[in-house]
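Below are the structure tokens for one structure; questions will follow.
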Amino acid sequence: MQRQPHSLADATVPPFWYLLPVTTKKRIAIIPGDGIGREVIPVAVKVIEATGAPVELSEFDWGAERYLKDGVTVPPDGFTMLGRDFDAILVGAFGDPRVKTNIHAKEILLGMRFKMDLYANVRPVRLLDASLCPLKGVDPKDIDFVAVRENTEGVYTDAGGVFKQGTPDEIATQEDINTRKGVERIIRYAFEYCERHKKQDGSPRRKVLMCDKSNAMTHAGGLWQRVFHEVSREYPQITAEHMYVDALCMQMVRDPRQFDVIVTNNMFGDIITDLAAGLQGGLGMAASGNIHPGKTSMFEPVHGSAPTIAGKNMANPFGAILTAAMMLGHLGLSGEAEKIEAAVLAAVREKRTTVDVGGPLGTREAGEWVNKKLAS
Ligand code: NAD
Ligand code: IPM
Ligand code: MN
């Protein structure tokens, strides 16, 4: 018996289009911010577009310029809107010499981290080429670790106050807030990260090192120590280590090969990741993600707005481009992310970079080279 061709109305046989893959576009909010953020983010956006990734991008003008114009840092319900309407946020940097109080940076950047509860600030430290590292005789594959920085507590909560201001008896306090919940979730995040992520050479990650200053800051340090000990017992296959932050800084420049996953508080995480950026070729090369698993997360290069080089087409866009790749990977677009990383690696190897990392190109030209590589 010959089968009759089915009609679209035939409910028992699915129509052909039923089998086509459904592509849902990832919705990404773009906030370039201030200074070089306004140069490197447009370049990173062009790179995202050059991969053909299924994304829908919407730009927001939050930053110093807007603040100086109408006094608005974050529009009403801004964070609710970001969490509701977007899958991820790509941010440049905040900081403008005209805004002395830095209030807009505090309200926008720290606002996103705190109010959207983006508790894990993940900063991968990867040396792409030996020529970028100030250390002698380093093999690029030896510098491949990640700093997991607590992102919602510590001294960054800005608890404290100033009393008797302007008098000889003036007192300033800055509280270091550490909650068991906050400490536990960031330490667990670091162990989970260690378990789920491989190194660039494909070998497994094996160690989590907790960094604190518990020899001097005994109350907060004691909590970190106890929680680290408890959580590490749940991961017997992962080596748990500890280092005081001062010793860690020394070790990071003496022998960075020893590090795998580092977990630490907000302040120490800020400091050690600028140091670690130095190992990768400087702030222009470093990427980061501000993550709460399952929620809209925010991605930003580690560097700031670099006012002295802003507007000169000098800023290195690779930190922002690698941040965009990190964001795409987080959104499940790992093919696109890997292509971007490979193109940046090629640019570094062929010295098609900005001046800070030894090349002859401007910000836009370095981005264009990456895009040509992606197209080839
Ligand atoms: P910065 O990161 O802006 O600059 C530090 C140094 O690194 C400068 O010499 C700068 O020229 C250089 N640099 C940074 N990024 C570079 C790049 N992509 N290419 C080439 N060189 C680069 O830090 P800073 O000078 O301490 O701060 C400047 C402003 O940025 C301040 O207002 C600060 O608060 C703010 N800031 C913002 C963020 C953020 O929004 N995420 C981060 C850090 C600093
Ligand atoms: C960073 C920055 C911020 C921080 C500043 C701008 C508040 O230095 O993202 O590393 O200290 O977290
Ligand atoms: Mn910093």
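Where residues in the stretch 303-321 are more than 6 Å from ligand 1 (Cβ to nearest atom), of a type in the set (A, V, I, L, M) and crowded, with 24+ Cβ neighbours inside 10 Å, which of them is nearest to the chain's Cα centre (by Cα)?
Ala320
What tally of residues in the stretch 205-233 results from selecting those that are within 19 Å of Asp246 (Cβ to Cβ) and open to solvent by less than 60 Å² (accessible area, probe 1.4 Å)?
So the count comes out to 11.
Take the residues in the stretch 187-202 that are touching a helix residue (DSSP H, G or I) at 6+ places or on another chain (Cβ under 9 Å) and assigned to a helix (DSSP H, G or I); name whichever of them is surrounded by the most Cβ atoms within 10 Å (Cβ to Cβ).
Residue satisfying both the conditions and the ranking: Ala190.
A further question follows. Filter the helices (runs of 4 or more DSSP H) completely within the stretch 17-127 down to those with at least 1 residues that are within 15 Å of ligand 1 (Cβ to nearest atom) and modelled with pLDDT of 95 or more.
37-50, 64-70, 111-115
Also, I was wondering about something else. Between Gln258, Gln251, which is without any contact (Cβ under 8 Å) to a residue 12 or more places away in the chain, in contact with a strand residue (DSSP E or B) (Cβ under 8 Å, 6 or more places away or on another chain) and not basic (Lys, Arg)?
Result: Gln251 is the single residue among Gln258, Gln251 that is without any contact (Cβ under 8 Å) to a residue 12 or more places away in the chain, in contact with a strand residue (DSSP E or B) (Cβ under 8 Å, 6 or more places away or on another chain) and not basic (Lys, Arg).
Name the one entry in Ala325, Ala346 that is outside the structural domain of Val253 (by TED's automatic domain parsing), more than 16 Å from ligand 3 (Cβ to nearest atom), among the small types (Gly, Ala, Ser) and crowded, with 23+ Cβ neighbours inside 10 Å.
Ala325
Six or more apart or on different chains, Cβ atoms under 6 Å: show the pairs whose first residue is in the stretch 263-290 and without any contact (Cβ under 8 Å) to a residue 60 or more places away in the chain and whose second is within 12 Å of ligand 2 (Cβ to nearest atom) and not hydrophobic (A, V, I, L, M, F, W, C).
Short answer, once both residue conditions are applied: Leu283/His303.
Only one of (1) in a helix (DSSP H, G or I); (2) farther than 18 Å from Gly319 by Cβ fails for Val263. Which number is that?
With (1) in a helix (DSSP H, G or I); (2) farther than 18 Å from Gly319 by Cβ applied to Val263, the lone miss is (1).
Tell me whether the stretch 141-162 contains one or more residues that are among the small types (Gly, Ala, Ser), assigned by TED's automatic domain parsing to the domain that holds Asp255 and surrounded by 16 or more Cβ atoms within 10 Å (Cβ to Cβ).
Yes: one or more hits.
Exactly one condition in (1) more than 15 Å from ligand 3 (Cβ to nearest atom); (2) open to solvent by 30 Å² or more (accessible area, probe 1.4 Å) is not met by Leu132; state its number.
Exception for Leu132: condition (2).
The values are calculated or read from the model by the stated rules, or taken from the named source; none is laboratory data. Model, not experiment: these values are computed from the prediction. Cβ: placed from backbone, ideal geometry, glycine included. Neighbour counts: every protein chain shown. With ligands, DNA and RNA removed, areas are computed over all heavy atoms of the protein, side chains included. Shrake-Rupley method; radii C 1.70, N 1.55, O 1.52, S 1.80 Å.
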